[in-house]
Structures are given as C-alpha cells and as structure tokens.
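The values are calculated or read from the model by the stated rules, or taken from the named source; none is laboratory data. These numbers come from a predicted model, not from an experiment. Here Cβ is always computed from backbone atoms with ideal geometry, including for glycine, and neighbour counts include all displayed protein chains. Protein only, heavy atoms only, side chains kept; ligands, DNA and RNA dropped before computing areas. Shrake-Rupley method; radii C 1.70, N 1.55, O 1.52, S 1.80 Å.
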Amino acid sequence: LKTSRYKENQMVYVLLEEPETILGKKQNTKQFRDSDVYISSERYRIDQVIQMNGRGPTFRYLLYGHPNVSYTATQLRKRL
C-alpha cells in the first residue's frame, strides 16, 4: 500500500499558477522568469487527504482556504 507524502493538519506552501514579482505584484504573462516568485508566501493547513483510484496521482489534498481545489503532492511544498 502506498502512503501519502503529507498528513492531515500539516502546514504546506502551494505553488502559484500565475507568476509574481519579488514585490508581490502579479505578472501579465503566464510564463515564469528566473526572478519571479513561484511558491506562495502563505502557509495552508491540509484539511483532507483523498486517495484516488486508477491512473494519475494516487493522493489529492484539500486545503483550508481553498474550498473548491485539490492539489497533488508535486504542487505542495513543506518549506519555502
């Protein structure tokens, strides 16, 4: 049996979908530059770990503060 990388109530950081500058301003483009921030500065608590069947990622993670989104383990980080 596989075990999940993260546990419930663990604090994690989320990878950003849109690039931000080091000053916290959103970029107009979808491409990240070397100087852009790509990890959120806010930490989120894992609300629920969902085990999936079939192909693709085995586990999905629901976070407090992100009610309609689930994340894979590759989209989360323990540290900045």
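Could you please give the count of residues in region 55-67 that are open to solvent by 40 Å² or more (accessible area, probe 1.4 Å), over 12 Å from residue 12 (Cα atoms) and modelled with pLDDT of 90 or more?
Adding up the residues that qualify gives 1.
Of the residues in region 12-54, how many are touching a residue at least 24 places away in the same chain (Cβ under 8 Å), touching a Phe, Trp or Tyr at 6+ places or on another chain (Cβ under 7 Å) and either surrounded by 12 or more Cβ atoms within 10 Å (Cβ to Cβ) or among the β-branched types (Val, Ile, Thr) (or both)? Quick ask: steps written out before the conclusion?
In the first step, residues of region 12-54 are kept if they are touching a residue at least 24 places away in the same chain (Cβ under 8 Å); the result is 12-16, 39-49, 51.
Next, from what is left, pick out any that are touching a Phe, Trp or Tyr at 6+ places or on another chain (Cβ under 7 Å): 12, 14-16, 39-40, 43-47, 49, 51.
Filter once more, keeping what is either surrounded by 12 or more Cβ atoms within 10 Å (Cβ to Cβ) or among the β-branched types (Val, Ile, Thr) (or both): 12, 14-16, 39-40, 43-47, 49.
So the answer is 12.
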